[in-house]
Structures are given as structure tokens and as C-alpha cells.
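The values are calculated or read from the model by the stated rules, or taken from the named source; none is laboratory data. What you see is a predicted model; the values in this text were computed from it and never measured. Backbone-built Cβ (ideal geometry, glycine too); neighbour counts: all protein chains shown. The area values use the complete protein model at the heavy-atom level, side chains included, leaving out ligands, DNA and RNA. Shrake-Rupley method; radii C 1.70, N 1.55, O 1.52, S 1.80 Å.
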Amino acid sequence: MLGGRMYRPVRALALAAAAGRAARLFSTARRLAAADKFYVTQPIFYVNSVPHIGHFYTIVLADAIKRYADLRGKATKLSAGTDEHGLKIQQAADKAGEEPLAFCTRFSDRFRALMGAANASNTDFIRTSEPRHREAVARFWRELVDRGHIYKGEHSGWYAVSDEAFYTEGQVEERVDPATGERKRFAIESGQPVEWVSEVNYKFRLSAFRDRLIAWIEESHDAIYPEIRRNEVLAWLRDGLEDLSVSRPRSRLRWGIPVPGDDQHTVYVWVDALINYATVDGYPWSDGGGATQRFFPPDVQVVGKDIVRFHAVYWPALLMAAGLPLPKRILAHAHWTMGAQKMSKSKGNVADPFDAIAQYGVDPIRYFILRNGGIANDGDYSPAEVLVRYKKDLVGQLANLAARCLSASLGADLGAFAAIGRQQQQDQRAVAPGDEHVRRVLLELPQRVGACFDKCELGRGMALVFDALADANRYMTDEQPWVLAKSADGKTQARLQVVLYYTLETVRLAAIMLQPAMPGKAAQLLDHLAVRRAERQWQHACFGAGWQSSPLPQPLPGAAQLFPKL
Ligand code: MSP
């Protein structure tokens, strides 16, 4: 079947040896990978308002990174939850005339529902009002006290309730409040109003960690990503660090965790919130270690660019002080705007993720948000752009290519694909000139996409996948398999199968690599391609590694319906 003008004889021995090498490589990779753990965290959400599309982005980005680690064969953990204490929530509950806990439950449930609607594969969902967290925070605090990092002192500064953060004189500016016309002070960094506070607080010796923080960031280049955020943090640190106020008087803040041994003070909400990343892993690991169960420290901590200071300065300093290991990477993503403006309820430019999911389907909106969402640069959300991605990429490239090459009239012979794949992968002389480009693309694609995904640049990686799909669609148009299918000639039929092999191989690789973004649709697509469940790991996204098992399941008809007309 594979003989003829374009094909040189296949050297069976060399092939068998190569196949054996590949099989050994795969099994080694699986053995090593199984021992690896990968812990991804999401920021925990404030429960003073309902989720918007920016929150959905954080959720999906963290989920896709975790799912990619799954595909790489890691044992994974993905944390999520809600940040329920602090003045901001206390004031919002008071305003609503509700008990804080009942108020928090209502909003926390909305975030939990969004996790489900977004198909997030989080392994935990923590509420900071839970007893397990209260215990973890108390233990962490005592650890800081025992190690001499906490003292009591006078603290004065500008407090922004919205940010739950103190600012120094140099970090605020005076300007007219557009809402009232009065002159007021605002935090320069966040634009939020501030109020002058002077009180006796517990303080954390943050300033003592400045040099160690700088050394950490300089030594581990990946610790803060992207570069723009890394430089920002280094600049803050080089500018100098003051000690951090880590409690508020109980009289001002009653909704929070009491300072151990001094119930006249409440633990500062950011210290409380950051510790969630340890709580969900069982901190203080008092069960005797459970070192084999432990995932800490996180491999990737996903945060928005507005909360970098808390995660890249305070959090690592607190961990150093408590004698705990540091996160391997803080991934600070950019924001979503709407109409090129910051989303805000008062401006009415907030997109509801539940509506978007209902309208486009969960996987298409996940794809859009990851593809158009920025890591370094803000993305602008618009329904028109979602539709463009849906029509051009998902329908026009992905479903179209799958439907064309799986059409019954072309008769793809999946049973022949394993042999065609081996030959096309390993024997350059068997490759027809017209196939060279698509072959090279497929050979390089997994490594190129993997390099992007490794950096958490999901959008860039998927752009490469869709470029490959566009190449394969063009290739199909050039090679006209529907003309080849009309011929009864054996060589023409063999050629037809090679063309179908290249196009279906492109769809197979694409579907495997799109699983982190579109877990549902990618799985359906792989069902259409008759790819076995055990052959959907990243290692199988390798040109020539598909359709190995025998007997093969049957391809499913109807791939064109995967992304129905909206
Ligand atoms: N509770 C803190 C996080 C504590 S983590 C220990 C918090 N909560 S938040 O609800 O205000 O924000 C949660 C996440 O959503 C943050 O990472 C934030 O950057 C992100 N986003 C909020 N608005 C956003 C956009 N408009 N666009 C993208 N992400 C945005 O901060």
C-alpha cells in the first residue's frame, strides 16, 4: 500500500528499533513524571461583589496550567477559595444589614458556582472563615512570634479599605474626588481613596528581609513572571522596605482572626489570606510530616498584576520568617478592560462570566479568554471579539479541518495510520515535496507549544496550534483529497491516505494540546478521531505517535457539530 513513485522501501529493522526506543522513552517519562508534584494556586476572591470576567480569567488560567501539568503526567493540586475577613467585607456586610458570615456565604457560593460553570478542576475550595484556616493562621502567627519577627508598635499611615493596604505619604496623592467634588487623598498605585490611621499594632520585621528578597529574585530568574513585574518588584525593594503592620485593633476590625494571645487585635487580612495557600495543603502538617502527601511550596501562583506586592514581597518574606520554602513562580497576569477602561460596576462595563458561558459555551469562552487574555498587556473584552474567535478559529479552522478529513466520502483508513506515521516521521526519503512543510510543522509543534505552556503563556502556545491548523487546511485544499478519492488506482489511494494522515495528525496533535484550554471539546474531538483515552497525554502529542493500538475504535461522525452555529 505504501509502495510507489513517492515512497522508498521502509527499513523494517531500523523502524522497529526506533519504535522500541520511542516506547522506552515514553515509559521512562511516565515513571519519572509520576513522582513529580505540581501545585497551582488561584488568588482567593473577595466576597463583597459577584464574579466578573476578570475573575473568570484568573480561574481559567490557573486551571489550564494545572491541566497542562496533568497532561505532563504530574500529580497536581489546584487551590481556590474566598477571602472573607477584613474591613472591606465587614463594611459591605454592615451596609447590607447582614451578619458577616451569612453575607460571605452568599457570595462565596457564587464563586464556587463559577468554578463549576468554568469547569475548573480545583482540588480544594477554601473559605478563610473555616476553622481549619483559623488554626493554620494562629499557628503561623505563633511561629513568627517564636522566631522573633513580630513586635508591637505605633503605626501611622494611609489605609485604603478597598485594597486592605497601608500606604506611606509618598504613595498617596491629593486630588478632587469625581464623586463628591471634594479634595481627597488617593493611593497612587491603585487609585483608591485612603484614610489616615494611627494606632498601636503588631508589626512584622519586613525590612529585615529586603536583601534576601532581592537575592531570591535575582537568583531564581523565573520567580516573578513576566519580566515587567519582576522589574517592578526589584525596583520597590531597592527603594527600601518598611516593617509591615500585621494587625488591626479589634475595636476597628472585629471580622477576622484574633491575634493569638491578644484578642484586642485582629490579624491583618492579607496575612490571613496569604496563609490559605499553606492551609489547603494541610499546614502545619502536624500529622507527622506527610512529606509524601505535601505539595507545598506552590509551583505556580496565579495572581493579577494589582496584587503583586502582596505575593512577591510580603508572602515570600513571611515564608522566610516562618522557615518555609518559597513559591517557584508568581505568575502575575494583566487585566481585562472593557471599552479600553477598567471594569467597574459604577461605569456599567462589567461582563458577567455566567452569561458568557451560557451564550458561547464553556470551552469556547475559556479558549477566548486564554487566547486573547494578556500576561504582560491588558486585554479588552468584547462580545464581537469572542464571536470572531469562535467563527474563525473554532468553526473555521478546527471543526472544519476535522469534519473535512473525517468525511465518509474520503474514507480515512485509521488502521493504516500507525505505519504511515512511522514512515513519514522517520524516513525523510518517503516524504513527498508537497508534504514537507506540514511535516516540519508537526515535528516542531509540540516542542514549540510546550515551551510557551511551560512559561504559562497559554495564548501564545495556542496561537501556534491554530497556525498549524490553518497550514493543514491550506494543505488539504492544495492536495484535493476529494479528487484522489475518486480514483480506484492503488497508488492514488495510498496517496489519499497520506494526505489524510497529515491532516488528521494535525487535528490529533491540536486536540491533545488544546485539552488544558478546552477540556470538554478536546475530549469530544479526540473521540471523533478514535484516539484512545490512554493516548491523550502530552507525550502522545508527538508526530507519528498516534493510532498505535489495535483494534482501533471507530471514528465518530459529526465533527462539524462540535461548535454549532450561535
Ligand atoms: N482577595 C484578594 C486576593 C487574595 S489572594 C491571597 C483579591 N481578591 S479580588 O477578588 O479582588 O481579585 C481576585 C483576582 O481577580 C486577582 O488576581 C485580581 O487581579 C483578579 N482580577 C480582578 N479584576 C480583574 C480584571 N479586570 N482582569 C483580570 N483580573 C482581575 O485581590
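Among rounded, prolate and oblate, which fits the stretch 181-226 when a ≥ b ≥ c are the square roots of the eigenvalues of its C-alpha gyration tensor, a/c under 1.5 means rounded, and a/b larger than b/c means prolate? Before the final figure, lay out the partial values.
Numbers: a/c = 4.93, a/b = 1.67, b/c = 2.96.
In terms of gyration-tensor shape, oblate.
Do any trypsin sites (Lys or Arg not before Pro) in the stretch 491-566 lie in a DSSP loop with no more than 10 other beta carbon atoms within 10 Å, and if so, which?
Here the trypsin sites (Lys or Arg not before Pro) that fit, given the DSSP loop and packing criteria, are Lys565.
To one decimal place, what Kirkwood hydrodynamic radius in Å is obtained for the chain from all pairs of distinct Cα atoms?
Its Kirkwood hydrodynamic radius stands at 26.1 Å.
Setting aside same-chain residues fewer than 8 positions from Lys521, which aspartates and glutamates have a Cα under 15 Å from its Cα?
Lys521 reaches Asp363, Asp393.
Per the Kirkwood treatment, what hydrodynamic radius in Å, one decimal, follows for the stretch 199-261 from the mean inverse distance over all distinct Cα pairs?
Details: mean 1/r = 0.0720 Å⁻¹.
Evaluated on the stretch 199-261, it is 13.9 Å.
Number of Lys pairs in the stretch 31-154 with C-alpha atoms less than 27 angstrom apart, excluding same-chain neighbours closer than eight positions?
Pairs that pass both the separation and distance tests number 6.
When the dipole is taken about the Cα centre of the chain, and only Lys, Arg (+1) and Asp, Glu (-1) are charged at their Cβ, what size is it in debye, to the nearest 20?
Dipole magnitude for the chain comes out near 2020 debye.
Working from the alpha-carbon coordinates of the stretch 406-489, get Rg over Rh, Rh being the Kirkwood radius.
Values: Rg = 15.2 Å, Rh = 14.8 Å.
A ratio of 1.03.
Applying 1/(1 + (r/R0)^6) with R0 = 45 Å to the Cβ-Cβ distance of Ser162 and Gln554, what FRET efficiency is obtained, to the nearest 0.05?
Numbers: r = 57 Å, r/R0 = 1.27.
Once the sixth-power term is evaluated, E becomes 0.20.
State the Kirkwood hydrodynamic radius of the stretch 148-281 in Å, one decimal place, computed from all pairs of distinct Cα atoms. Please report the intermediate quantities before stating the final value.
Details: mean 1/r = 0.0597 Å⁻¹.
One over the average 1/r among Cα pairs gives 16.8 Å for the stretch 148-281.
With labels modelled as points extended 7 Å from the Cα through the Cβ direction, what inter-label distance (nm, one decimal) is found for Arg254 paired with Asp146?
The modelled label-to-label distance comes out at 3.3 nm.
For the stretch 344-483, just the Cα atoms, rotate onto the principal axes and tell me the three extents in Å, largest first.
That works out to 65, 35, 24 Å along the principal axes.
Suppose each label sits 7 Å from its Cα in the direction of the beta carbon; what would the Asp222-Ala102 distance come out to in nanometres?
In this crude label model, Asp222 to Ala102 measures out at 4.9 nm.
For the chain, return all DSSP H helices satisfying: extent of Cα atoms along own axis at least 30 Å; mean Kyte-Doolittle hydropathy at least 0.5.
Helices meeting the span and hydropathy rule in the chain are 12-35.
I'd like to know which of Gln192, Tyr167, Gly461 lies farthest towards the positive end of the charge dipole of the chain, counting +1 on Cβ of Lys and Arg and -1 on Cβ of Asp and Glu.
Of the candidates, Gly461 comes out farthest on the positive side.
When only alpha-carbon atoms count, how far does the stretch 465-566 stretch along each of its three principal axes, as whole angstroms with the largest first?
41, 37, 23
State in Å² the accessible area per residue of the chain; use a 1.4 Å probe, count heavy atoms of protein chains only, and round to the nearest integer.
42
Please list the radius of gyration and Dmax for the stretch 292-350, considering alpha-carbon atoms only, with Å as the unit.
15.9, 49
What is the sum of charges around Ile126, taking Lys and Arg as +1, Asp and Glu as -1, for the other residues whose C-beta is under 15 Å from the C-beta of Ile126?
-3
How large is the Rg to Rh ratio of the stretch 53-98 when both quantities use alpha carbon positions and Rh follows Kirkwood?
Rounded to two decimals, Rg over Rh is 1.24.
Evaluate the distance, in nm, between pseudo-label points positioned 7 Å from the Cα of Gln264 and of Asp211 along their respective Cα→Cβ axes.
3.7
Rounded to a whole number, what % of the accessible area of the stretch 135-227 do carbon and sulfur atoms account for, probe 1.4 Å?
46
Which aspartates and glutamates have a Cα lying under 17 Å from the Cα of Lys455, excluding residues fewer than 8 positions away in the same chain?
Hits, sequence-local ones excluded: Asp63, Asp70, Asp222, Glu227, Asp299.
So, R0 is 35 Å and r is the distance between the beta-carbons of Ser487 and Ala463; what FRET efficiency does that work out to, to 0.05?
0.40
How many percent of DSSP beta bridges within the chain run antiparallel, rounded to 5?
Antiparallel bridges: around 60 percent, rounded to the nearest 5.
How big is the gap, in Å, between the Cα center of the stretch 231-295 and the Cα center of the stretch 50-91?
If you average the Cα positions of each part, the centres end up 19 Å apart.
Could you please state, rounded to a whole Å, how far the C-alpha centre of the stretch 482-498 is from the C-alpha centre of the stretch 154-169?
A separation of 74 Å, based on Cα centres.
Quick one: grab the alpha carbon gyration tensor of the stretch 377-437, order the square roots of its eigenvalues as a ≥ b ≥ c, and give me rounded if a/c is under 1.5, else prolate or oblate depending on whether a/b is larger than b/c. Please report the intermediate quantities before stating the final value.
Numbers: a/c = 3.68, a/b = 1.99, b/c = 1.85.
Judged from the Cα gyration tensor, the stretch 377-437 comes out prolate (a/c at least 1.5, a/b above b/c).
Can you compute the charge dipole magnitude of the stretch 164-253 about its Cα centre, using +1 on each Lys and Arg Cβ and -1 on each Asp and Glu Cβ, nothing else charged? Give it in debye, rounded to the nearest 20.
About 380 debye.
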